[in-house]
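First up is the structure itself, then whatever we jot down about it.
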Amino acid sequence: MSESLPLMLKELRLPAFGQHYRHFQDQAAEHAWGYSQYLAALCEQEVAQRFQSRISNWTHEAKLPRGKSFATLTLTELPQAAQKKSSHCATIPTGRARQTMCC
């Protein structure tokens, strides 16, 4: 079973599980984690890796230079209308709310 696990994880497209399951297996044994805690740790890694991959893909598709982000944006270089919208967006907490309200 353990020999086929990496192949099954690859087939299921769970690359972070494949990379981290042994490490978390050892950690779970060491700290007496339950199954759900072990699975949650693996899922956290998978979600984080997918989010980083998405950000990387979006940045590449946008053809932004490295280091360019909302934090480094100089508002005074934008047209007046864009300055208003951008300053409003900067006050909204990050996450889905910013995406839906500012796009």
Can you tell me which condition LEU78 does not meet? The list is (1) within 20 Å of the chain's Cα centre (by Cα); (2) more than 30 Å from LYS10 (Cβ to Cβ), and all the others hold. (1)
Unmet requirement for MET101, which otherwise passes all of (1) part of a helix (DSSP H, G or I); (2) surrounded by 10 or more Cβ atoms within 10 Å (Cβ to Cβ); (3) at pLDDT 85 or above: (3)
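When only residues in segment 40-68 that are part of a loop (DSSP other than H, G, I, E, B) and loosely packed, with under 10 Cβ neighbours inside 10 Å count, which is modelled with the highest pLDDT?
Restricting to residues being part of a loop (DSSP other than H, G, I, E, B) and loosely packed, with under 10 Cβ neighbours inside 10 Å, the top hit is LYS63.
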Could you grab me the full set of residues in segment 28-39 that are surrounded by 10 or more Cβ atoms within 10 Å (Cβ to Cβ), out of contact with any Phe, Trp or Tyr (no Cβ under 7 Å at 6 or more places or on another chain) and part of a helix (DSSP H, G or I)? ALA29, GLN37, LEU39
Which condition does ALA16 not pass, out of (1) surrounded by fewer than 12 Cβ atoms within 10 Å (Cβ to Cβ); (2) of a type in the set (Gly, Ala, Ser); (3) within 15 Å of the chain's Cα centre (by Cα), if it passes all the others? (1)
Could you run through segment 71-98 and say how many residues are modelled with pLDDT under 70, closer than 18 Å to ILE55 by Cβ and part of a helix (DSSP H, G or I)? 3
Report, by residue number, each residue of segment 25-66 that is aliphatic (A, V, I, L, M), within 9 Å of the chain's Cα centre (by Cα) and farther than 19 Å from LEU9 by Cβ. ILE55
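The values are calculated or read from the model by the stated rules, or taken from the named source; none is laboratory data. As the structure is a computational prediction, the values presented were derived from the model and not from experiment. Glycine also receives a Cβ, built like all others from the backbone with ideal geometry; neighbour counts cover every protein chain displayed.
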